[in-house]
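Student: I'd like to ask you about the structure that follows.
The values are calculated or read from the model by the stated rules, or taken from the named source; none is laboratory data. Since we're looking at a predicted model, the values are computed, not measured. Don't worry about glycine lacking a Cβ; one is built from the backbone with ideal geometry, like all the others, and counts go over all protein chains shown.
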Amino acid sequence: MYNNRRNILTGLVWISPWIIGFMVFLCVPIGMSIYYSLTDYGLMDAPIFIGIDNYRELASDQLFVKSAFNTALFAAISVFMSLVVSLGLAILLEQHLKGASLVRSLIFIPTLVPVVANCIIWLWLLNPSAGVVAAIGSAIGSPSLNPLGDAQLAMPTLALISVWVVGSPLLVCTAALKDVPGTLYEAAAMDGMGPLRRCIHVTLPMITPALGFNAIMSIIWSIQVIAPPMIMTRGGPENSTLTFSMYIYKTAFEFGRMGYASALAWIQILITMLIAIGVLSLARRVIFYRGAN
(Lines give C-alpha, C1' and ligand atoms only; values in the text may rest on other atoms or scores of the structure.)
Protein backbone atom coordinates (compact mmCIF):
# COMPACT_ATOMS: atom_id res chain seq x y z
CA MET A 1 0.00 0.00 0.00
CA TYR A 2 2.79 2.39 0.95
CA ASN A 3 4.72 1.54 -2.23
CA ASN A 4 1.64 2.17 -4.37
CA ARG A 5 1.13 5.62 -2.86
CA ARG A 6 4.81 6.39 -3.27
CA ASN A 7 4.69 5.37 -6.94
CA ILE A 8 1.63 7.52 -7.51
CA LEU A 9 3.25 10.53 -5.86
CA THR A 10 6.44 9.98 -7.87
CA GLY A 11 4.43 9.84 -11.05
CA LEU A 12 2.54 13.02 -10.17
CA VAL A 13 5.80 14.83 -9.47
CA TRP A 14 7.18 13.83 -12.86
CA ILE A 15 4.09 14.99 -14.76
CA SER A 16 3.49 18.06 -12.59
CA PRO A 17 5.05 20.47 -15.16
CA TRP A 18 2.52 19.28 -17.73
CA ILE A 19 -0.36 19.44 -15.21
CA ILE A 20 0.61 22.98 -14.16
CA GLY A 21 0.96 24.08 -17.78
CA PHE A 22 -2.37 22.50 -18.67
CA MET A 23 -4.15 24.27 -15.81
CA VAL A 24 -2.49 27.67 -16.25
CA PHE A 25 -2.39 27.93 -20.05
CA LEU A 26 -5.54 26.02 -21.00
CA CYS A 27 -8.07 25.52 -18.20
CA VAL A 28 -7.76 29.02 -16.72
CA PRO A 29 -8.05 30.83 -20.09
CA ILE A 30 -11.05 28.67 -21.00
CA GLY A 31 -12.76 29.54 -17.74
CA MET A 32 -11.98 33.25 -18.16
CA SER A 33 -13.28 33.18 -21.73
CA ILE A 34 -16.58 31.66 -20.61
CA TYR A 35 -16.93 34.33 -17.92
CA TYR A 36 -15.99 37.18 -20.27
CA SER A 37 -18.58 35.99 -22.82
CA LEU A 38 -21.20 36.80 -20.18
CA THR A 39 -19.87 40.29 -19.52
CA ASP A 40 -19.49 43.72 -21.07
CA TYR A 41 -15.69 43.88 -21.12
CA GLY A 42 -13.71 46.50 -22.98
CA LEU A 43 -10.17 45.54 -21.87
CA MET A 44 -9.54 48.88 -20.15
CA ASP A 45 -12.45 48.65 -17.70
CA ALA A 46 -13.54 45.97 -15.28
CA PRO A 47 -15.93 43.41 -16.81
CA ILE A 48 -19.63 43.96 -16.04
CA PHE A 49 -21.79 40.85 -15.87
CA ILE A 50 -24.68 41.05 -18.36
CA GLY A 51 -25.75 37.40 -18.63
CA ILE A 52 -26.48 36.12 -22.12
CA ASP A 53 -26.98 39.57 -23.70
CA ASN A 54 -23.90 39.04 -25.90
CA TYR A 55 -25.43 35.89 -27.32
CA ARG A 56 -28.77 37.62 -27.87
CA GLU A 57 -27.00 40.34 -29.85
CA LEU A 58 -25.75 37.78 -32.37
CA ALA A 59 -29.24 37.46 -33.86
CA SER A 60 -29.22 41.10 -35.01
CA ASP A 61 -25.51 41.40 -35.86
CA GLN A 62 -25.20 41.72 -39.64
CA LEU A 63 -21.40 41.37 -39.58
CA PHE A 64 -21.77 38.10 -37.68
CA VAL A 65 -24.10 36.78 -40.39
CA LYS A 66 -21.83 38.09 -43.15
CA SER A 67 -18.67 36.59 -41.64
CA ALA A 68 -20.42 33.25 -41.06
CA PHE A 69 -21.57 33.16 -44.70
CA ASN A 70 -18.10 34.10 -45.97
CA THR A 71 -16.49 31.39 -43.85
CA ALA A 72 -19.02 28.79 -45.06
CA LEU A 73 -18.31 29.77 -48.69
CA PHE A 74 -14.56 29.57 -48.15
CA ALA A 75 -14.86 26.19 -46.40
CA ALA A 76 -17.12 24.71 -49.09
CA ILE A 77 -14.76 25.63 -51.93
CA SER A 78 -11.53 24.97 -50.06
CA VAL A 79 -12.52 21.57 -48.62
CA PHE A 80 -13.94 20.29 -51.91
CA MET A 81 -10.99 21.45 -54.00
CA SER A 82 -8.46 20.18 -51.46
CA LEU A 83 -9.99 16.69 -51.47
CA VAL A 84 -10.33 16.53 -55.25
CA VAL A 85 -6.87 17.93 -56.06
CA SER A 86 -5.01 15.89 -53.41
CA LEU A 87 -6.75 12.66 -54.45
CA GLY A 88 -6.29 13.32 -58.18
CA LEU A 89 -2.60 14.15 -57.81
CA ALA A 90 -1.99 11.16 -55.54
CA ILE A 91 -3.58 8.75 -58.03
CA LEU A 92 -1.69 10.33 -60.93
CA LEU A 93 1.66 10.20 -59.15
CA GLU A 94 1.14 6.54 -58.27
CA GLN A 95 1.12 5.53 -61.95
CA HIS A 96 4.90 4.92 -61.90
CA LEU A 97 5.63 8.02 -63.96
CA LYS A 98 9.18 9.32 -64.32
CA GLY A 99 9.95 12.10 -61.87
CA ALA A 100 6.89 11.36 -59.70
CA SER A 101 8.94 11.62 -56.50
CA LEU A 102 10.37 14.98 -57.56
CA VAL A 103 6.92 16.32 -58.45
CA ARG A 104 5.56 15.11 -55.11
CA SER A 105 8.38 16.94 -53.31
CA LEU A 106 7.75 20.13 -55.29
CA ILE A 107 4.04 20.01 -54.43
CA PHE A 108 4.89 19.67 -50.75
CA ILE A 109 7.30 22.66 -50.68
CA PRO A 110 4.55 25.35 -50.29
CA THR A 111 3.48 23.58 -47.08
CA LEU A 112 6.90 24.38 -45.61
CA VAL A 113 6.73 28.06 -46.56
CA PRO A 114 5.31 30.37 -43.85
CA VAL A 115 1.76 31.47 -44.54
CA VAL A 116 2.78 35.15 -44.65
CA ALA A 117 5.32 34.44 -47.37
CA ASN A 118 2.75 32.45 -49.34
CA CYS A 119 0.28 35.33 -49.12
CA ILE A 120 2.88 37.86 -50.29
CA ILE A 121 3.76 35.63 -53.25
CA TRP A 122 0.10 35.48 -54.30
CA LEU A 123 -0.35 39.22 -53.80
CA TRP A 124 2.51 39.74 -56.23
CA LEU A 125 1.13 37.23 -58.71
CA LEU A 126 -2.37 38.77 -58.61
CA ASN A 127 -1.27 42.41 -58.64
CA PRO A 128 -3.60 44.04 -61.22
CA SER A 129 -0.91 46.35 -62.61
CA ALA A 130 2.41 44.50 -62.33
CA GLY A 131 1.54 40.92 -61.46
CA VAL A 132 2.27 37.82 -63.51
CA VAL A 133 -1.44 37.10 -64.02
CA ALA A 134 -2.01 40.64 -65.33
CA ALA A 135 0.99 40.31 -67.65
CA ILE A 136 -0.32 37.03 -69.07
CA GLY A 137 -3.76 38.56 -69.57
CA SER A 138 -2.26 41.58 -71.32
CA ALA A 139 -0.18 39.34 -73.59
CA ILE A 140 -3.25 37.43 -74.80
CA GLY A 141 -5.34 40.58 -75.14
CA SER A 142 -7.55 39.91 -72.14
CA PRO A 143 -8.64 42.81 -69.94
CA SER A 144 -6.75 42.94 -66.66
CA LEU A 145 -8.52 41.31 -63.75
CA ASN A 146 -8.34 42.22 -60.10
CA PRO A 147 -9.95 39.21 -58.41
CA LEU A 148 -8.98 40.33 -54.91
CA GLY A 149 -10.58 43.72 -55.54
CA ASP A 150 -13.89 42.30 -56.75
CA ALA A 151 -16.48 41.60 -54.06
CA GLN A 152 -17.85 38.64 -56.03
CA LEU A 153 -14.48 37.05 -56.81
CA ALA A 154 -12.38 37.81 -53.73
CA MET A 155 -13.53 34.98 -51.46
CA PRO A 156 -13.57 32.26 -54.18
CA THR A 157 -10.08 33.44 -55.15
CA LEU A 158 -8.81 33.07 -51.59
CA ALA A 159 -10.40 29.62 -51.39
CA LEU A 160 -8.70 28.49 -54.58
CA ILE A 161 -5.37 29.91 -53.40
CA SER A 162 -5.66 27.72 -50.29
CA VAL A 163 -5.27 24.65 -52.53
CA TRP A 164 -1.68 25.85 -53.07
CA VAL A 165 -0.76 24.12 -49.79
CA VAL A 166 -2.18 20.73 -50.70
CA GLY A 167 1.03 18.88 -49.86
CA SER A 168 -0.07 17.37 -46.53
CA PRO A 169 -3.37 15.85 -47.75
CA LEU A 170 -1.50 14.62 -50.83
CA LEU A 171 0.93 12.66 -48.64
CA VAL A 172 -1.96 11.19 -46.63
CA CYS A 173 -3.68 10.03 -49.83
CA THR A 174 -0.41 8.67 -51.20
CA ALA A 175 0.20 6.62 -48.06
CA ALA A 176 -3.36 5.28 -48.21
CA LEU A 177 -2.98 4.29 -51.87
CA LYS A 178 0.22 2.40 -51.15
CA ASP A 179 -1.63 0.44 -48.47
CA VAL A 180 -4.31 -0.90 -50.84
CA PRO A 181 -3.67 -4.64 -51.34
CA GLY A 182 -2.58 -5.46 -54.89
CA THR A 183 -4.63 -8.66 -54.80
CA LEU A 184 -7.81 -6.58 -54.92
CA TYR A 185 -6.72 -4.98 -58.19
CA GLU A 186 -5.82 -8.39 -59.60
CA ALA A 187 -9.23 -9.78 -58.65
CA ALA A 188 -10.96 -6.73 -60.14
CA ALA A 189 -8.99 -7.10 -63.39
CA MET A 190 -9.95 -10.77 -63.59
CA ASP A 191 -13.60 -9.73 -63.24
CA GLY A 192 -13.19 -7.48 -66.27
CA MET A 193 -13.08 -4.11 -64.51
CA GLY A 194 -11.39 -1.28 -66.36
CA PRO A 195 -9.18 1.39 -64.72
CA LEU A 196 -12.11 3.70 -63.96
CA ARG A 197 -14.25 0.99 -62.36
CA ARG A 198 -11.27 -0.26 -60.34
CA CYS A 199 -10.76 3.27 -59.05
CA ILE A 200 -14.43 3.64 -58.10
CA HIS A 201 -15.06 0.18 -56.64
CA VAL A 202 -11.64 -0.68 -55.20
CA THR A 203 -9.43 2.35 -54.67
CA LEU A 204 -11.93 4.84 -53.29
CA PRO A 205 -13.56 2.50 -50.72
CA MET A 206 -10.16 1.38 -49.46
CA ILE A 207 -8.84 4.91 -48.89
CA THR A 208 -12.01 6.41 -47.38
CA PRO A 209 -10.37 6.61 -43.89
CA ALA A 210 -7.66 8.85 -45.35
CA LEU A 211 -10.24 10.95 -47.20
CA GLY A 212 -12.27 11.29 -44.02
CA PHE A 213 -9.20 12.44 -42.08
CA ASN A 214 -8.34 14.99 -44.77
CA ALA A 215 -11.93 16.25 -44.79
CA ILE A 216 -12.06 16.75 -41.02
CA MET A 217 -8.71 18.55 -40.88
CA SER A 218 -9.56 20.73 -43.87
CA ILE A 219 -12.95 21.68 -42.41
CA ILE A 220 -11.44 22.67 -39.06
CA TRP A 221 -8.72 24.73 -40.75
CA SER A 222 -11.22 26.43 -43.06
CA ILE A 223 -13.55 27.43 -40.23
CA GLN A 224 -10.63 29.01 -38.37
CA VAL A 225 -8.95 30.69 -41.37
CA ILE A 226 -7.69 34.20 -40.65
CA ALA A 227 -4.17 34.81 -42.01
CA PRO A 228 -4.81 34.83 -45.82
CA PRO A 229 -7.78 37.25 -45.76
CA MET A 230 -6.15 39.36 -43.04
CA ILE A 231 -2.94 39.77 -45.05
CA MET A 232 -4.29 39.87 -48.60
CA THR A 233 -7.59 41.76 -48.38
CA ARG A 234 -8.07 42.98 -44.78
CA GLY A 235 -11.61 41.61 -45.05
CA GLY A 236 -12.55 43.70 -48.07
CA PRO A 237 -13.83 44.67 -50.47
CA GLU A 238 -17.18 45.44 -48.81
CA ASN A 239 -16.51 42.81 -46.09
CA SER A 240 -16.68 40.09 -48.76
CA THR A 241 -13.66 38.30 -47.26
CA LEU A 242 -14.40 38.98 -43.60
CA THR A 243 -14.13 35.53 -42.02
CA PHE A 244 -15.43 34.46 -38.63
CA SER A 245 -11.99 34.39 -37.01
CA MET A 246 -11.15 37.80 -38.45
CA TYR A 247 -14.39 39.24 -37.09
CA ILE A 248 -13.54 37.86 -33.64
CA TYR A 249 -10.11 39.51 -33.84
CA LYS A 250 -11.52 42.84 -35.00
CA THR A 251 -14.23 42.77 -32.33
CA ALA A 252 -11.70 42.15 -29.57
CA PHE A 253 -8.72 44.30 -30.57
CA GLU A 254 -10.11 46.93 -32.94
CA PHE A 255 -13.61 47.49 -31.58
CA GLY A 256 -12.49 46.85 -27.98
CA ARG A 257 -15.34 44.46 -27.14
CA MET A 258 -13.58 41.51 -25.53
CA GLY A 259 -16.76 40.16 -23.94
CA TYR A 260 -18.64 40.04 -27.23
CA ALA A 261 -15.57 38.57 -28.96
CA SER A 262 -15.49 35.79 -26.35
CA ALA A 263 -19.12 34.99 -27.11
CA LEU A 264 -18.31 34.87 -30.82
CA ALA A 265 -15.38 32.54 -30.12
CA TRP A 266 -17.60 30.13 -28.21
CA ILE A 267 -20.13 30.15 -31.03
CA GLN A 268 -17.28 29.28 -33.41
CA ILE A 269 -16.19 26.42 -31.15
CA LEU A 270 -19.76 25.12 -30.96
CA ILE A 271 -20.19 25.27 -34.74
CA THR A 272 -16.86 23.48 -35.27
CA MET A 273 -17.84 20.74 -32.81
CA LEU A 274 -21.27 20.24 -34.40
CA ILE A 275 -19.79 20.02 -37.90
CA ALA A 276 -17.07 17.61 -36.72
CA ILE A 277 -19.66 15.41 -34.98
CA GLY A 278 -21.83 15.46 -38.10
CA VAL A 279 -18.93 14.50 -40.36
CA LEU A 280 -17.83 11.73 -38.00
CA SER A 281 -21.39 10.39 -37.82
CA LEU A 282 -21.57 10.37 -41.61
CA ALA A 283 -18.12 8.75 -41.76
CA ARG A 284 -19.36 5.74 -39.84
CA ARG A 285 -21.75 5.01 -42.70
CA VAL A 286 -19.50 5.67 -45.68
CA ILE A 287 -15.96 4.92 -44.48
CA PHE A 288 -14.71 1.37 -44.91
CA TYR A 289 -12.42 0.08 -42.16
CA ARG A 290 -10.59 -3.13 -42.90
CA GLY A 291 -10.94 -5.71 -40.19
CA ALA A 292 -14.15 -4.13 -38.83
CA ASN A 293 -17.13 -6.39 -38.40
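Student: Modelled with pLDDT of 90 or more, in contact with a Pro (Cβ under 6 Å, 6 or more places away or on another chain) and under 30 Å from residue 105 (Cβ atoms): does that describe residue 173?
Tutor: On the way: modelled with pLDDT of 90 or more: yes; in contact with a Pro (Cβ under 6 Å, 6 or more places away or on another chain): no; under 30 Å from residue 105 (Cβ atoms): yes.
So residue 173 does not fit the description; no.
Student: Condition first: closer than 22 Å to residue 274 by Cβ, surrounded by 15 or more Cβ atoms within 10 Å (Cβ to Cβ) and either in contact with a Leu (Cβ under 9 Å, 6 or more places away or on another chain) or not polar (S, T, N, Q) (or both). Can you find one or more residues in segment 19-36 that meet it?
Tutor: no
Student: In segment 119-144, which residue that is surrounded by 13 or more Cβ atoms within 10 Å (Cβ to Cβ) and modelled with pLDDT under 75 is nearest to the chain's Cα centre (by Cα)?
Tutor: Selected residue: 134.
Student: Could you list all residues from segment 247-293 that are surrounded by 16 or more Cβ atoms within 10 Å (Cβ to Cβ) and part of a loop (DSSP other than H, G, I, E, B)?
Tutor: Across segment 247-293, the qualifying residues are 257, 287.
Student: Another question, if that's okay. Give me the residue from segment 36-68 that is part of a helix (DSSP H, G or I), touching a residue at least 24 places away in the same chain (Cβ under 8 Å) and of a type in the set (Ser, Thr, Tyr) and, out of that set, nearest to residue 250 (Cα to Cα). Give the steps one after another, and end with the answer.
Tutor: Going through segment 36-68, the residues part of a helix (DSSP H, G or I) turn out to be 36, 53-60, 62-68.
Next, only the ones that are touching a residue at least 24 places away in the same chain (Cβ under 8 Å) stay: 36, 54-55, 57-58, 63-64, 66-68.
Within this subset, residues satisfying the condition of being of a type in the set (Ser, Thr, Tyr) are 36, 55, 67.
On the way: 36: 16, 55: 17, 67: 12 Å.
Looking at residues that are part of a helix (DSSP H, G or I), touching a residue at least 24 places away in the same chain (Cβ under 8 Å) and of a type in the set (Ser, Thr, Tyr), I get 67.
Student: Next question, about the same structure. So which residues in segment 48-104 are of a type in the set (Gly, Ala, Ser) and more than 24 Å from the chain's Cα centre (by Cα), if there are any at all?
Tutor: Scanning segment 48-104 gives 51, 59, 60, 99, 100, 101.
Student: Residue 123: assigned to a helix (DSSP H, G or I) and under 22 Å from residue 228 (Cβ atoms), yes or no? Step through it out loud before you land on a result.
Tutor: Numbers: assigned to a helix (DSSP H, G or I): yes; under 22 Å from residue 228 (Cβ atoms): yes.
Judged against the criteria, residue 123 is a match.
Student: Of the residues in segment 145-172, how many are hydrophobic (A, V, I, L, M, F, W, C) and more than 17 Å from the chain's Cα centre (by Cα)?
Tutor: Applying the first criterion (hydrophobic (A, V, I, L, M, F, W, C)) to segment 145-172 yields 145, 148, 151, 153-155, 158-161, 163-166, 170-172.
Within this subset, residues satisfying the condition of being more than 17 Å from the chain's Cα centre (by Cα) are 145, 148, 151, 153-154.
Looking only at that region, the number is 5.
Student: In segment 192-219, which residues are under 15 Å from residue 76 (Cα atoms), among the aliphatic types (A, V, I, L, M) and crowded, with 17+ Cβ neighbours inside 10 Å?
Tutor: If the condition is that a residue be under 15 Å from residue 76 (Cα atoms), among the aliphatic types (A, V, I, L, M) and crowded, with 17+ Cβ neighbours inside 10 Å, then 215, 219 are the ones that fit.
Student: Now for a different question. Would you please name the residue that is modelled with the lowest pLDDT, looking only at residues in segment 62-103 that are surrounded by 14 or more Cβ atoms within 10 Å (Cβ to Cβ) and farther than 24 Å from residue 219 by Cα?
Tutor: Restricting to residues being surrounded by 14 or more Cβ atoms within 10 Å (Cβ to Cβ) and farther than 24 Å from residue 219 by Cα, the top hit is 100.
Student: Please note which helices (runs of 4 or more DSSP H) are completely contained in segment 155-223 and include at least 2 residues that are under 28 Å from residue 272 (Cβ atoms).
Tutor: Values: elements: 167-178, 182-190, 195-198, 208-223.
Once the helices (runs of 4 or more DSSP H) in segment 155-223 are filtered for at least 2 residues that are under 28 Å from residue 272 (Cβ atoms), what remains is 167-178, 208-223.
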